[in-house]
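See structure below.
The values are calculated or read from the model by the stated rules, or taken from the named source; none is laboratory data. Here the structure is a predicted model, which is why all the values come from computation and not from measurement. Here Cβ is always computed from backbone atoms with ideal geometry, including for glycine, and neighbour counts include all displayed protein chains.
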Amino acid sequence: VDMLYATKDDQFSEGSESRNENDVEMAANSEYHVDAMNKVGDILNEVVTIFAEAFPDVEIIISLGNNDVVPDYYLKLQDDTSDLDSLSSADPIDYGMLGIMYNSLSSEGKEVSHDNNHNTSLGEQRRSRLLLSAKDKVTFVKGGYYSRQLSDSLTILSINTVLYSSFYGPEPANSDDPGLQFAWMRQMLTNVLENGNSQAIIVGHIPPVMGSFRHTQLWREKYINTYYGIVDEFDAVIVGQLFGHIHSDEFRVGVDESAIPSSLSTPLLLAGAITPLHGNNPSFRKVFYSSIDTSSNVNNSTLLDYESHRYPMSDGDDGAWAKLYTFSEAYSFAADKISAEGLSANVFRSIIQSMVDERSEERRVGKECR
């Protein structure tokens, strides 16, 4: 989006991960930067509107990604060191990119648009409900994160992972805890823990893992350590970690001496992407969960199963969305464990171990056949 308003004289490399620092600074400080940020706000508004129309009875929760900021991975935080309580009366207009996003997705932004007699966008005219409320403003303009309580027993934490990316810039004033997001996570998870019969799911865009393509860490190491320290501390109440970004359908779980603590009860579920940017078929994942029920057989997990769906892009396919697989069916040998534990880390570790055992058996048979 940061290139949409660039003139022919504004030459820089397309693709954030190959763009040099000078290109990013030029895009961030250009005259068209504000126009590009406003365009992102309009796009977010329209995307949320489309989802709200297609699923009118479903709670829509977004998580900011690197392509939602301008330029990619660039997000200048305003007043980074102040506490959250001081932002209750803040004007979103003073908070740059995050303020624009908030105004595009909130009732406050809608009121500003009408008060100033601005022409409403197509998304503004069509949307039947708003995504963010006034209570979300404090954390969203601070760092692009917020929470949603889906029931008395389940809270969703939507975190802004752009702040932890290896490509993130500019350097925030509070480099140990950009936007005070880690402090907020601890407080929210403490509330869930103290609530008793309650659990939490963390959702974000960029996962705190090594990338599948370049085999480099997607987060800066100090943020990986802090995040897993928090997740490990509140392992008893965290029942899901849902991420995307990598354009492939994967899962990650801690084993042995991996960066992910092997003590964690839940794996990281990494969904594919709608955008076929890296040669992937467009895909999405449908995760099934249930509220805590002490009479059920599910132990320490509200995530029960998931389906992956894809849209074939190759020639000869009929061009229709179709289910690719259901997790419990694809790994039917672990059906009993899945039924008893849901999508627990133990289930995924058992699957990995079965792959290791199968490979070892193939090697043994191969040696015997020589």
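Please determine, by comparing only the residues of the range 192-224 that are among the β-branched types (Val, Ile, Thr) and not in a helix (DSSP H, G or I), which one is surrounded by the fewest Cβ atoms within 10 Å (Cβ to Cβ).
First, pick out the residues of the range 192-224 that are among the β-branched types (Val, Ile, Thr): 192, 201-203, 206, 209, 216, 224.
So of that shortlist, the ones also not in a helix (DSSP H, G or I) come out as 201-203, 206, 209, 216.
Working: ILE201: 22, ILE202: 25, VAL203: 19, ILE206: 27, VAL209: 20, THR216: 9.
Only one residue tops the list, namely THR216.
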Checklist line | In the range 48-66, residue farthest from the chain's Cα centre (by Cα) [restricted to those that are assigned to a helix (DSSP H, G or I) and in contact (Cβ under 8 Å) with a residue 12 or more places away in the chain] | finding: GLU53
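Are there helices (runs of 4 or more DSSP H) fully within the range 90-187 with at least 2 residues that are modelled with pLDDT of 95 or more? List them. Full working, then the answer.
Values: elements: 96-105, 107-115, 122-126, 137-143.
By residue number, 137-143.
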Note to self: Residues to consider are GLU257, GLU250, GLU233; find the one that is surrounded by fewer than 18 Cβ atoms within 10 Å (Cβ to Cβ), over 20 Å from HIS309 (Cβ atoms), modelled with pLDDT under 95 and among the acidic types (Asp, Glu).
What the structure shows: GLU257
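Residue by residue, here is whether (1) in contact (Cβ under 8 Å) with a residue 12 or more places away in the chain; (2) within 18 Å of the chain's Cα centre (by Cα) holds:
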{"residue": "TYR146", "(1), (2)": "yes, yes"}
{"residue": "LEU150", "(1), (2)": "yes, yes"}
{"residue": "GLN187", "(1), (2)": "no, no"}
{"residue": "GLN199", "(1), (2)": "yes, no"}
{"residue": "VAL209", "(1), (2)": "yes, yes"}
{"residue": "GLN217", "(1), (2)": "yes, yes"}
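I need the full set of residues from the range 313-334 which are at pLDDT 90 or above and under 28 Å from the mean Cα position of the chain (by Cα), in order please. Working first, answer last.
The first filter runs over the range 313-334 and keeps only residues at pLDDT 90 or above, leaving 321-334.
Correct list: TRP321, ALA322, LYS323, LEU324, TYR325, THR326, PHE327, SER328, GLU329, ALA330, TYR331, ALA334.
Please verify whether TYR145 is over 21 Å from LEU343 (Cβ atoms), among the hydroxyl-bearing types (Ser, Thr, Tyr), touching a strand residue (DSSP E or B) at 6+ places or on another chain (Cβ under 7 Å) and buried (at least 20 other Cβ atoms within 10 Å of the Cβ), treating the condition exactly as stated. Before you say what the answer is, go through the steps one by one.
Details: over 21 Å from LEU343 (Cβ atoms): yes; among the hydroxyl-bearing types (Ser, Thr, Tyr): yes; touching a strand residue (DSSP E or B) at 6+ places or on another chain (Cβ under 7 Å): yes; buried (at least 20 other Cβ atoms within 10 Å of the Cβ): yes.
Spelling it out, TYR145 is indeed over 21 Å from LEU343 (Cβ atoms), among the hydroxyl-bearing types (Ser, Thr, Tyr), touching a strand residue (DSSP E or B) at 6+ places or on another chain (Cβ under 7 Å) and buried (at least 20 other Cβ atoms within 10 Å of the Cβ).
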